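Chemist: Can you read through this structure? Questions will come right after.
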Amino acid sequence: MPGRRGGPVPAESAEERGESTKRAKEIAARTVNKERARSGESKTASKSSTQDMSSSKRGGQRSHSGSQGPTYDQLYAEAKRRNLQGRSSMDKAELKRKLGH
């Protein structure tokens, strides 16, 4: 779902990456507050909020590297749910291959 200015909603993006709902909301609030400080909508603003690059630009620069995907523990839990044989001796890369990630 798009945010106020057309980008992704930070809480949803963080949740999609596997963050807890509480942590996702924390990240979203920080991002929104920083953007408000940059645009002058905030009464107070730290130097890093006003002089740092915007979150959308920063995200765009990092997007080429992509996420590393699910954690080993998340992959292992999925393998266990699917009753994947030999999962205990697999590393993250092998779990990803076997699970089709």
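Chemist: Go through segment 53-90 and give me each residue that's open to solvent by 90 Å² or more (accessible area, probe 1.4 Å), at pLDDT 70 or above and part of a loop (DSSP other than H, G, I, E, B).
Modeler: Across segment 53-90, the qualifying residues are GLN68, ARG82, ASN83, GLN85.
Listed here are the residues, each with its yes/no results for (1) surrounded by fewer than 15 Cβ atoms within 10 Å (Cβ to Cβ); (2) at pLDDT below 70; (3) touching a Gly at 6+ places or on another chain (Cβ under 7 Å).
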{"site": "VAL9", "(1), (2), (3)": "no, yes, yes"}
{"site": "GLY18", "(1), (2), (3)": "yes, no, no"}
{"site": "ALA29", "(1), (2), (3)": "yes, no, no"}
{"site": "ALA37", "(1), (2), (3)": "no, no, no"}
{"site": "LYS43", "(1), (2), (3)": "yes, yes, no"}
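Chemist: What number goes with the only condition from (1) exposed (fewer than 10 other Cβ atoms within 10 Å of the Cβ); (2) modelled with pLDDT of 75 or more that MET1 does not pass?
Modeler: (2)
Chemist: What pairs can you find where one residue is in segment 62-87 and under 11 Å from LEU99 (Cβ atoms), the other is modelled with pLDDT under 95 and in a loop (DSSP other than H, G, I, E, B), and their Cβ atoms are less than 8 Å apart, with a gap of 6+ or different chains?
Modeler: Once the first residue is under 11 Å from LEU99 (Cβ atoms) and sits in segment 62-87, its partners that are modelled with pLDDT under 95 and in a loop (DSSP other than H, G, I, E, B) give GLY69/HIS101; PRO70/GLY18; PRO70/HIS101; GLN74/GLY18; LEU75/HIS101; GLU78/PRO70.
The values are calculated or read from the model by the stated rules, or taken from the named source; none is laboratory data. From a predicted model like this one, the values you see are computed outputs, not experimental measurements. Neighbour counts run over all protein chains shown; Cβ positions are idealised from the backbone, glycine included. Keep in mind that these areas ignore ligands, DNA and RNA; they rest on the heavy atoms of the full protein, side chains included. Shrake-Rupley method; radii C 1.70, N 1.55, O 1.52, S 1.80 Å.
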